[in-house]
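The following block contains the structure, expressed as C-alpha cells.
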Amino acid sequence: MKETVPQPGCDARWPEVAVARGALESEMRSARTAELWQNPPIGWSPWLARAADRVGGNVRGPRIGLVLGGGGVIGNAYLSGVLEGIRRVSGWDPVQSHITVGTSAGSVNGAFSALGVPTEGMYRYITGEPLTDIEAAPGTSAADWEALARAFAGHSDMELTENLYPRTGILPRPFLSSPRAVLRGLLRPQHTPLELFVSGLIGEGVVSTRNIGQIIERVQERGWSSREYWAVAVDLESGNRVALGRQGAPVTDIARAVRASCAIPAFFAPVRIAGRRFVDGGVWSVSNLDLLAGRGLDLVICINPMSSLEGRSYEGPVDRFTGAVHRIEGRAKQRIGRRLGWERSRVERKGTPVVLLQPTASDLEVIPINLMEPAARTPVARRALETTMAALETRPEWREPLRILAAAQKAVADPPESRS
C-alpha cells in the first residue's frame, strides 16, 4: 500500500488528517453506491451494478427479483408450494428478495414475503400444519413472528378463504366501467391488452375485497413494508398499469394495495386509492414480469400459476362440454404464455437472466378449472412443493440459478460487516 507523505508545511498531525479524510471519502462512496443500488439508472446491467459496488468498497450478494403471478385462491396455494420448494432445495428464503412484484393472488404472497412472514409459515398454514418450530425470517424478530403465528393459529386457512366474498351493498355500474379503457382499445388495439378492453366494457363487481385486506392487516395494519414490494393494479380512470409501492405511484397502505391488485373486474368492486378506481393487475398481465427490466438484478424468479407448457391428461372419454371447457383453458394458457415469453425476453435483453416456474402436467392433475375453489388449496400446495423440488434437483437449467441463490443466502448469513 502506498504510504501517505505529508506535504511541506504540514504538522505532525498529517497522518491523522489523512486517515480521517480517507474514512470520509469511503463513507461518501458507500452512500452513493447505496443510492445507486436502490435506484439504478434505466438500462444498468448486473455487471455494472456490481462494479459500482466494488467502487464503493462493498461486497454484496446477488440481487434477486421475485415475480408472483395471479391465479385466484388456487394460484395463491400453488405459489406457496413453489416458494417453499425453492427454500428447501436452495436454502434461500424468498423473503430475502431484493424486490418482489405481486399481481392479483401473487400480491398476497408477495405482501407476506415483503412483510417478513417466513415462506415455511405460509406453506404450513395453507396445508394445515402447525406453525411451531419455524425460524423467523431475516429482519424479523422471533417475538414478532411468534405473535403473528399465534394470531393466525386461531383461524384455519379454509375459514379465511371461504369468507373472502362479502357483498359491498352498493349498486355498481352495470356496464362500461372504464370508457377510457374502451377508447384506448379501439384506437390502439395492438397496444391494449384484450382483458383491459373487456374490463372497460363490462360493469363493476358487487363483492368487497375488505376481507382480503384484513388478512394482510393481521401482519401490518398501516403503512408499507421495509422491503421493496410492488403490488400491480390497473387504474380504471386512465386504463394504465400502476405498480403500487413504486416511486411515483399513489401512496396507500400495503393492505389496500393488495385489495386493489386482487379486485377481479365484474366480480370484486374496484378499490379507490387517491380518488381513483383500481382493479386487478391481471387485467394488464397475469405476471407483469417486464416491470423488472433494467433494474440491475442478478436473477429474476417468476412463478406464474396461470400458464403452462404442458396440458391436462385424461383417463377415459371426456364429454363434449368438459372437452370444450378444457380447450378454452388451453388456448387461454397459450395466450398467457406468449405474453409471458415476451416479458421474459424484455428482461433478459437488459442483462438479467430469468427462470420461470409454471404448473406441470402433474400439478394440473390437482388444479381445478375453478381457481376460486378453496377445498383444493392443500393438495395443490403439496403437489407444487413436490414438483418444484424435483425440477430444481434434476433439471440442468437450474444449476446456475441455484448457485446464485446459494451466494445470496451466504451473503445474508455472513454479511460483509461481520467479516471486517
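The values are calculated or read from the model by the stated rules, or taken from the named source; none is laboratory data. What you see is a predicted model; the values in this text were computed from it and never measured. Glycine also receives a Cβ, built like all others from the backbone with ideal geometry; neighbour counts cover every protein chain displayed. The protein model used for the area step is the full one, side chains on, heavy atoms only, and it has no ligands, DNA or RNA in it. Shrake-Rupley method; radii C 1.70, N 1.55, O 1.52, S 1.80 Å.
What tally of residues in the stretch 361-410 results from selecting those that are open to solvent by less than 30 Å² (accessible area, probe 1.4 Å) and modelled with pLDDT under 90?
1
Can you find even one residue in the stretch 103-111 that is in contact with a Gly (Cβ under 7 Å, 6 or more places away or on another chain), in a loop (DSSP other than H, G, I, E, B), modelled with pLDDT of 75 or more and open to solvent by less than 50 Å² (accessible area, probe 1.4 Å)?
yes
Listed here are the residues, each with its yes/no results for (1) modelled with pLDDT under 95; (2) more than 30 Å from VAL207 (Cβ to Cβ); (3) in contact with a strand residue (DSSP E or B) (Cβ under 6 Å, 6 or more places away or on another chain).
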site	(1), (2), (3)
VAL101	no, no, yes
LEU131	yes, no, no
GLU135	yes, yes, no
PRO138	yes, yes, no
TRP145	yes, yes, no
GLY154	yes, no, no
LEU164	yes, no, no
GLY169	yes, no, no
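Additional query: What about GLY223, is it open to solvent by 60 Å² or more (accessible area, probe 1.4 Å) and either within 18 Å of the chain's Cα centre (by Cα) or on the phi > 0 side of the Ramachandran plot (or both)?
Judged against the criteria, GLY223 is not a match.
Could you run through the stretch 233-282 and say how many residues are touching a residue at least 60 places away in the same chain (Cβ under 8 Å), among the β-branched types (Val, Ile, Thr) and either open to solvent by less than 10 Å² (accessible area, probe 1.4 Å) or farther than 13 Å from VAL207 by Cα (or both)?
Selection size over the stretch 233-282: 4.
Counting only residues that are open to solvent by 10 Å² or more (accessible area, probe 1.4 Å) and of a type in the set (Ser, Thr, Tyr), how many does the stretch 70-96 have?
Final tally of qualifying residues: 1.
Filter the stretch 283-323 down to residues that are acidic (Asp, Glu) and modelled with pLDDT under 70 and give me whichever is surrounded by the most Cβ atoms within 10 Å (Cβ to Cβ).
Result: ASP319.
From the residues in the stretch 55-69 that are of a type in the set (Gly, Ala, Ser) and at pLDDT below 95, which one is least open to solvent (accessible area, probe 1.4 Å)?
Selected residue: GLY56.
To continue, here is another question. So PRO359 ticks every box in (1) within 18 Å of VAL67 (Cβ to Cβ); (2) part of a loop (DSSP other than H, G, I, E, B); (3) over 21 Å from the mean Cα position of the chain (by Cα) but one. Which box is left unticked?
(3)
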